[in-house]
Amino acid sequence: MAGHFISFEGGEGAGKSTQVRLLAEALKAAGREVVATREPGGAPGAEAVRALLVEGEPDRWEPLTETLLHVAARHEHVRRTIGPALARDAWVISDRFADSTMAYQAYGLGVARTIVAELNRLAVGTVRPDLTLVLDIPVEKGLARASQRQGNETRYERMDRAFHVRLRAGFLDIAAREPDRCAVVPAGGEVEDVHTAIKQIVSRRLGVAL
Ligand code: TMP
């Protein structure tokens, strides 16, 4: 696959969606074809699964059931959206990918990391982000930002504080274990400053002038 694949990761309220949009615009302005997508979702079946996961009560699912649903949605996303886009040399930017299952369902909910790693491997095959940007924000600040959002996709932000603390530590641990793929971006500041930092990382690591 000749395209480039960038994933954005992080806890609640880190500003990923805004940063995905800004980076997509910057890459398009630099003449690249960009597919901006998200998880859970990014393909018709995966979007249908999304509602099952992000709405409703925090204890709606057994942790393993929830893991399987996320991974099932990811397989659809990889096979139907990400893989074909990379095959035609597009740049794919995904708002969350496999690391989210490791952070939320393993570090957060306690599913064994070996199980999540194996399920992710099954779901994604050889598709792997060239770069993963982990947007890091203190738990309280992120939850305060997330609570400002409209809509009923609130299932995860309503999980307890300790869950969110484990999640943040999980993302930082994932990034520390794979420094060649991951970069941690402090995301508590102004949108424009975070965007500038992201453009610098993308330019340096993936060799595109932004
Ligand atoms: P979003 O808030 O970034 O749109 O993502 C939807 C929610 O789904 C978010 O609270 C994180 C959660 N999630 C998981 O728990 N595991 C996963 O594998 C993914 C992709 C998302």
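The values are calculated or read from the model by the stated rules, or taken from the named source; none is laboratory data. Computed from a predicted model, the values in this text were never measured in an experiment. Note that we place each Cβ from the backbone using ideal geometry, even for glycine, and neighbour counts take in every protein chain shown. Areas reflect the complete protein model, heavy atoms only, side chains present, ligands, DNA and RNA absent. Shrake-Rupley method; radii C 1.70, N 1.55, O 1.52, S 1.80 Å.
It is to be established whether one or more residues within segment 19-34 are in a loop (DSSP other than H, G, I, E, B) and open to solvent by less than 30 Å² (accessible area, probe 1.4 Å). Can you show your working first?
To start, the set of residues in segment 19-34 that are in a loop (DSSP other than H, G, I, E, B) comprises 30-33.
Within this subset, residues satisfying the condition of being open to solvent by less than 30 Å² (accessible area, probe 1.4 Å) are none.
No, the conditions are met nowhere in segment 19-34.
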message: Quick check on segment 87-104: of everything there that is part of a strand (DSSP E or B) and over 11 Å from the mean Cα position of the chain (by Cα), which residue is surrounded by the fewest Cβ atoms within 10 Å (Cβ to Cβ)?
response: TRP91
message: Within segment 146-162, does at least one residue satisfy the condition of being touching a helix residue (DSSP H, G or I) at 6+ places or on another chain (Cβ under 6 Å), modelled with pLDDT of 95 or more and aliphatic (A, V, I, L, M)?
response: no
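Mind listing whichever residues of segment 56-67 are within 11 Å of the ligand (Cβ to nearest atom), in contact (Cβ under 8 Å) with a residue 12 or more places away in the chain and either in a helix (DSSP H, G or I) or open to solvent by 60 Å² or more (accessible area, probe 1.4 Å) (or both)? Can you show your working first?
Narrowing segment 56-67 to residues within 11 Å of the ligand (Cβ to nearest atom): 58, 61, 63, 66-67.
From the residues that got through so far, the ones that are in contact (Cβ under 8 Å) with a residue 12 or more places away in the chain too are 58, 63, 66-67.
The answer is PRO63, GLU66, THR67.
Does ALA73 meet the test of being within 20 Å of PHE5 (Cα to Cα), small (Gly, Ala, Ser) and part of a helix (DSSP H, G or I)? Step through it out loud before you land on a result.
On the way: within 20 Å of PHE5 (Cα to Cα): yes; small (Gly, Ala, Ser): yes; part of a helix (DSSP H, G or I): yes.
So ALA73 passes the test.
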message: Against the definition (open to solvent by less than 10 Å² (accessible area, probe 1.4 Å), closer than 25 Å to PRO138 by Cβ, of a type in the set (Gly, Ala, Ser) and under 15 Å from the mean Cα position of the chain (by Cα)), how does GLY41 come out, yes or no?
response: no
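Do any helices (runs of 4 or more DSSP H) entirely within segment 114-210 hold 1 or more residues that are touching a Pro at 6+ places or on another chain (Cβ under 9 Å), and if so, which?
161-177, 191-206
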- request: Only residues in segment 102-114 that are closer than 15 Å to GLU157 by Cβ count as the first member; pair them with residues that are β-branched (Val, Ile, Thr) and away from the ligand (no atom under 11 Å from the Cβ), Cβ under 7 angstrom, at least 6 apart or cross-chain, and list the lot.
  value: ALA103/ILE174
message: Criterion first (open to solvent by less than 40 Å² (accessible area, probe 1.4 Å), at pLDDT 95 or above and under 20 Å from ALA123 (Cα atoms)) does VAL71 satisfy it?
response: yes
field: Residues located in segment 152-200, provided they are surrounded by 17 or more Cβ atoms within 10 Å (Cβ to Cβ) and either touching a Lys or Arg at 6+ places or on another chain (Cβ under 6 Å) or at positive phi (or both)
entry: none
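In segment 82-98, which residue that is more than 8 Å from the ligand (Cβ to nearest atom) and in contact with a helix residue (DSSP H, G or I) (Cβ under 8 Å, 6 or more places away or on another chain) is farthest from MET159 (Cα to Cα)? Spell out the reasoning first.
At the first step, the residues of segment 82-98 found to be more than 8 Å from the ligand (Cβ to nearest atom) are 82-94.
Going one step further and asking which of them are in contact with a helix residue (DSSP H, G or I) (Cβ under 8 Å, 6 or more places away or on another chain), we end up with 91-94.
Working: TRP91: 34, VAL92: 30, ILE93: 27, SER94: 24 Å.
Out of the qualifying residues, it is TRP91.
Determine whether ALA48 is away from the ligand (no atom under 13 Å from the Cβ), over 20 Å from GLY151 (Cα atoms) and either surrounded by fewer than 16 Cβ atoms within 10 Å (Cβ to Cβ) or at pLDDT 95 or above (or both). Show your work before the answer.
Working: away from the ligand (no atom under 13 Å from the Cβ): yes; over 20 Å from GLY151 (Cα atoms): no; either surrounded by fewer than 16 Cβ atoms within 10 Å (Cβ to Cβ) or at pLDDT 95 or above (or both): yes.
The answer is no for ALA48.
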query: How do the pairs read when you match residues in segment 128-141 that are under 15 Å from HIS164 (Cα atoms) with residues anywhere that are of a type in the set (Lys, Arg), using Cβ under 6 Å and keeping only pairs 6 or more apart or on different chains?
result: LEU135/LYS16; VAL139/ARG168
